[in-house]
Every structure is written in structure tokens, then in C-alpha cells.
Amino acid sequence: MRFTIGRKMGVGFGILLILVVGVFVITYNTTKTSLNTLSEGINQNEFIKTYSSPTLSNLQRLRDNIEESKNLIKRWATAPTYTEHPDKRRFIKIKDTILPMDIERKISENRDSLNVKVQDSIDAVFQEIHLLFAMYEDIQNLFPNLASYDNVFNNMQARLLIAPDGVMLSKAKKVSRSLDQLIAAVKEDNERRTLDMNTAFGQAELKSKALINLILYSAILLFIIGTIVALLTTRSITKPVRELKGMLLKLGRGIIPEKEIQPSKDEIGDMSVAMNKLVVGINHTTEFAHHVGQSNFNYDYQPLSEEDTLGHALMRMRDDLAENERILEQKVIERTEEVVRQKGELEQQKMRIEELYKDVTDSIKYAKRLQDSILPPDSQIKKLLPESFVLFKPKDIVSGDFYWMEETNGKIHLAAVDCTGHGVPGAFMSLVGANALDIAVQGKDTNTPAEILNELNRITSESLNKSEANSKVRDGMDLAMVSFSKDFKSMEYAGANNPLYQIRGEEVMQTKADKFAIGSFKHGEMHYTNHKIEIETGDMIYLFSDGYADQFGGVKGKKFMYRQFRDTLLSIKHLPLQEQNEILNEKIETWRGNYEQIDDILIIGIRV
């Protein structure tokens, strides 16, 4: 099967994508299961705290109050006392207030939350307690006052109730046993729920550790596989491309390569095969021409194809020479001159092709050097703004964004400029813009950002011939410009569509730009606003184009947006400037992922 470059890259990145998706699915399922397990344990703990534990405490208190009420009623029946005796008052309080409150409010309010078996046991105990209350009232009715203790009949009835094997004591003991069993059942349910809760927490902990190990091993595996895929893909592309380049350079100098390229089974392999055939054909044609030049007209030669103009021309030449050799010497001389002329034309064509190839190559390289030359050197930036960084990411080889710096009249001027378009058109505009900025500040009275922008608009409009005849041309520039005093105690700003961000503490302060671009209006129709901004030591100042915020990416392929851009700046404001540069670059590359960079990116950061 033909393994093309697209397939190589598709297989490599497909493997990485499958691994990433697999790790995501496993991580998601593990996390979901751990959360469910943890939620179950939390629910068990909440149930114990809210329902089981209060119910257990109330049942134990109810049992203690039943025991106390039993002892008090025995003394009521056996020890003659007056009605206001403390024991009788205590008994009445327990029977009429404390026990009903325990039964009706403290225990009953949590009853429906317990299991059915415990609910049935509580209902049965409540029925027994109500029967016990009835017996209590019988004794109270037998001895309502001190004189009633002299009634023999009342004493006999009381003894039947409070005797060790009497009805009331038997009932009280049964109620106590039932409460003990109920308390034991609630404790058992609490222990079971506690065990379930501990088990759930243990399982959640094990799954969390397993998830951490999975993520760690997956990251290592993805790094290794990604490195291997990148190396293999790069090697399979760059090596044959270098060989093809070497052969083309030799052919451009008129040197026929001696060594053939080993073709691979992809598009570059097809080019390698074609190049090998071309070299063989050139060698054969050269040899044929050599033999023809020595009048060896029987040399075996076949054109490379039906469209091989040079090959067919040489064959015709050979036939003509062979035929005309038998003619007069003058004819031979004429034919020879024709061959010489044709050879000269071929040499001239070859020279013109080589010259055209060299001109195009040099032009592209020179365009890149020209654009690089308009950017301020790093040494100048570090000299004037030691605490600064520049993140510059052109979309193509040349860029429509550029940055500019100049020191004039005791001020340091700095601008981040975004020209219309990107690539070669944007690069042409950047040359116009940089030249116009230099003109705007040299030999002029312009010493504020707004004055420089107004002068820049005039120069740009005149340079691009913005008249009524070509008013439909939309070329122009968006930019943000600041000017610092040399002691860095004051700052001024003016902007065309691009704002200024200033971070102090935990606040991002934005100074808005004027909403009209450089070159979009006639000189004098509008004027840019000059902002004088208070600065303090430690402030972070950011100038930027719209390429960073407008970049598509993320999970849903949306724009990065200015809000996320500001949050990112706020999170890194305290870091060293070079580290901020690296983090911003890494973050936008991660966000972009497999999406294409849609525009040039430029961010300048300065710490006051």
C-alpha cells in the first residue's frame, strides 16, 4: 500500500488522538465512579448524623426516663406521702411532660427516615408505653392523697400491680427490654452504615490513586509516542527533501548529480523518481550530443517522452546532419551553424531560467531581511526598556504586524502596529508604516502619541494615494502607542482601535483607543486622543494586536477572546518578563491545537 505523507502524519496524529481520547474516557469514568462512591459515603454519614444518632440518643434517654418513672411509681404506691411531695411531682413531670415529648417529638420526627423494621419496633414500644401509662394512672387514682393510703382495698390492688411479678412491673420490664432491643437495632444499623461509609471512602481513595497513576503513565507514554512520531515523520520528509534540494542546486549550477535518490513510497518519492529520470535523461542527452558532435550518427538515443522537445530536436538534428553530410560542404557548414545557433539558444534559455529562479529566491529572502530590518534590535529594547518582552509570531514568513521604538526629545516611544492583511501584502504595509513612523518623529514637533498618530495618518494617506478616485482602498493600520519619560514617572498613550492594558495589584485597567484606523480618513477630519496615565513602580503595561484574542482553538473551536486574555495576563503579572513571554506563547499554542494560525500575533509587556 502507498504510504503517503498525509497518511504518515494522519496515522501518527491519529495514534496520539486515540491515546488522548482513551485516557480522557478512562479518566472520566474513573472520576465519575469515585464521585458516586464518595457521594454514597457522604450520604451515609449525613444519615447517621441527622437521623440515626439523634434517634439513638433519644431512645437511650427514653429508657432512662422509663426506669426512673417505674421507681417513682413504686414509691408512690408503697410510701405514704402528701400530694406535693418532690418524688410525686417528679413522677408527674416525667409522665405528663418528658416522656410524651420524647415520644411525640424527639423520636417520632426521625421515625420515617429509619428502616421499616426499626419503625415497626418503635411503634410497638410506643403501644407498650401507652399501656404502662394507663397502669401508672391506676396507681395515681388509688392514692390521690395521704388519707387514701389507709384504705386496705387500695393497698391490695396496688400490691397486685407493683409486686415483683405484678402486671405493672412486668409491663415496665417488657418496655425496658423492648427499648434495649430497639437501641441495639439502631446501633447495629449505625455500625453497618459506618462500615459502608468507610468502605466507600476507601474505594474512592484507591480509585483516586489509580487515576493519578494513570494520568502520570499516560503523560509519559504520550510524550514518548509523540516524540517518536515527530522524529519518524520529520525524518521521512526532511531527508529526501534535502537530497532533492541538493540535486536542484547542482543542476542550477550546471552540474549533473552522479548519485541517484532512493525513492520512498509517498509524494516525495514520486518527485525523487522524476528527478532520477531527469538526471538519467540529461546524462543520456549529454552523451548523445557528445556523439553527434563527433559525427557518430549511429548512437542509440530515445527521447524521454513524446513531449520531450529537446530530445526530438536533437534526433532531428542528427537525421539532418546525417543526410546533409552527403551533400555539399557548404550545406554541412550551414547545418553546423544551425546546430551551433540552436545550442546557443538552449544555453540562453537555461541561463534565463537559472537567473529567474535566483531572482525569485533572492527576492523572498530580501523581503524577509527588509522586514526584519525595520524592527528595533533586542539590544535597543533592553537598553531603553530593561524590564520588557516581545512575543512576535507572524502567521507567514513575513508579517503584517510589527513593533517600533524611538527615543526623541527626552521620551521613549513604543508602538505595537497591526497593518491590514498578513503575509506579503501585510509586509508591504508594515514597511510603509515603519517608514511613516520614522518620518513622523524625525524633525517634527510631534512629541506625544496623539500627535505622532495624527502625523502618521497624514503620511500614510498621502503614501497610499487615498483620494476620492480610489476611496474604496481599505489599507490602513491599527496600533497602540505609549511614550515614557526617561525617568519612568509619567506615561502617555494614544491608540487606533487597539487599547492599552495596565495591571496594578489585582486589577486590569483598560485605556480605550479611538475607533478609527490610521489611513481611514483625510488629514484634519479627525484627531487622536492623547491620554496621560498615572503609573507606579511595579505596574505592568501591555500593548498588543488582535491576533492573540482572535485565535480560534480550544475544545469547541472558538476564539480565545479578550476576557480570557486579560485573565491570563492577571495570572502571570508577578512573573519575570521572559517567563511571561514563554507562558503566553505556550498557552496560545495549546489553545490553537490543530487549528491554523489565522493572523499575526504581537504582544509587548513592560514592567515599570
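Filter region 488-530 down to residues that are of a type in the set (A, V, I, L, M) and surrounded by fewer than 20 Cβ atoms within 10 Å (Cβ to Cβ) and give me whichever is farthest from Asn457 (Cα to Cα).
Val508
Put simply, of Glu287, Glu267, Glu243 the only residue that is surrounded by fewer than 16 Cβ atoms within 10 Å (Cβ to Cβ), farther than 21 Å from Leu346 by Cβ and not aromatic (Phe, Trp, Tyr) is Glu267. Evaluation of Ile255 against the conditions (1) outside any helix (DSSP H, G or I); (2) at pLDDT below 80 shows that the sole unmet condition is (2).
Of all residues in region 150-161, those that are within 14 Å of Gln140 (Cα to Cα) have Cβ atoms under 7 Å from Cβ atoms of residues that are surrounded by 11 or more Cβ atoms within 10 Å (Cβ to Cβ) and of a type in the set (Ser, Thr, Tyr), 6 or more apart or on another chain, in Asn154/Ser148. Checked against (1) surrounded by 12 or more Cβ atoms within 10 Å (Cβ to Cβ); (2) among the hydrophobic types (A, V, I, L, M, F, W, C); (3) under 30 Å from Leu62 (Cα atoms), Leu232 meets all criteria but (3). Inside region 271-313, residues that are of a type in the set (Asp, Glu) and either in contact with a Pro (Cβ under 9 Å, 6 or more places away or on another chain) or assigned to a helix (DSSP H, G or I) (or both) make up a count of 1.
Scanning region 580-599 for residues that are surrounded by fewer than 19 Cβ atoms within 10 Å (Cβ to Cβ) and assigned to a loop (DSSP other than H, G, I, E, B) yields Gly593, Asn594, Tyr595, Glu596, Gln597, Ile598.
With respect to the stated conditions, Leu602 fails to be in contact (Cβ under 8 Å) with a residue 12 or more places away in the chain, within 23 Å of Asp418 (Cα to Cα) and not in a strand (DSSP E or B).
Take the residues of region 131-173 that are of a type in the set (D, E, K, R) and not in a loop (DSSP other than H, G, I, E, B): which is nearest to the chain's Cα centre (by Cα)? Here the answer is Lys173. Scanning region 477-496 for residues that are more than 14 Å from Glu406 (Cα to Cα) and part of a strand (DSSP E or B) returns Met477, Asp478, Leu479, Ala480, Met491, Glu492, Tyr493, Ala494, Gly495, Ala496. Does Phe402 count as more than 27 Å from Lys489 (Cα to Cα) and aromatic (Phe, Trp, Tyr)? So Phe402 fails the test.
The requirement of being assigned to a strand (DSSP E or B) and free of Cβ contacts under 8 Å to residues at least 60 places away in the same chain is not satisfied by Gln564. If the requirement is being without any contact (Cβ under 8 Å) to a residue 12 or more places away in the chain and in contact with a helix residue (DSSP H, G or I) (Cβ under 8 Å, 6 or more places away or on another chain), which of these qualifies: Leu584, Leu575? Every option except Leu575 fails the conditions.
For region 384-393, the criterion of being crowded, with 19+ Cβ neighbours inside 10 Å and part of a helix (DSSP H, G or I) is met by no residue. Might you let me know whether region 292-299 holds any residue that is small (Gly, Ala, Ser) and surrounded by 13 or more Cβ atoms within 10 Å (Cβ to Cβ)? Looking for residues that are small (Gly, Ala, Ser) and surrounded by 13 or more Cβ atoms within 10 Å (Cβ to Cβ), one finds none in region 292-299, hence no.
Would you be able to say whether some residue in region 532-548 is within 18 Å of the chain's Cα centre (by Cα) and crowded, with 17+ Cβ neighbours inside 10 Å? Step through it out loud before you land on a result.
Pass one, region 532-548, residues within 18 Å of the chain's Cα centre (by Cα): 547-548.
Now restrict to residues that are crowded, with 17+ Cβ neighbours inside 10 Å: 547-548.
Yes, region 532-548 contains at least one residue that is within 18 Å of the chain's Cα centre (by Cα) and crowded, with 17+ Cβ neighbours inside 10 Å.
Quick check: is even one residue across region 357-373 assigned to a helix (DSSP H, G or I), modelled with pLDDT under 80 and either among the aromatic types (Phe, Trp, Tyr) or touching a His at 6+ places or on another chain (Cβ under 9 Å) (or both)? Yes - at least one qualifying residue is present in region 357-373. Among the residues of region 419-437, some residue qualifies, meaning at least one is at pLDDT 80 or above, outside any helix (DSSP H, G or I) and touching a helix residue (DSSP H, G or I) at 6+ places or on another chain (Cβ under 7 Å).
Remark: Ala415 matches the filter, which requires a residue to be surrounded by 22 or more Cβ atoms within 10 Å (Cβ to Cβ) and not in a helix (DSSP H, G or I).
So how many residues does region 552-599 have that are under 16 Å from the mean Cα position of the chain (by Cα), of a type in the set (Val, Ile, Thr) and under 24 Å from Ser399 (Cα atoms)?
Keep residues of region 552-599 that are under 16 Å from the mean Cα position of the chain (by Cα), which gives 552-569, 571-572, 582-597.
The next check asks that each one be of a type in the set (Val, Ile, Thr); those that pass are 555, 568, 572, 583, 588, 590.
If we keep only those that are under 24 Å from Ser399 (Cα atoms) too, we end up with 583, 588, 590.
Residues meeting the conditions: 3.
Being outside any loop (DSSP other than H, G, I, E, B), loosely packed, with under 15 Cβ neighbours inside 10 Å and within 35 Å of the chain's Cα centre (by Cα): is that true of Leu216 here? Considered against the rule, which asks whether it is outside any loop (DSSP other than H, G, I, E, B), loosely packed, with under 15 Cβ neighbours inside 10 Å and within 35 Å of the chain's Cα centre (by Cα), Leu216 comes out as yes.
The values are calculated or read from the model by the stated rules, or taken from the named source; none is laboratory data. Just so it is clear, the structure is predicted and the values come from calculations on it, not from any experiment. Using ideal geometry, Cβ is built from the backbone for each residue, glycine included, and neighbour counts are taken over all protein chains shown.
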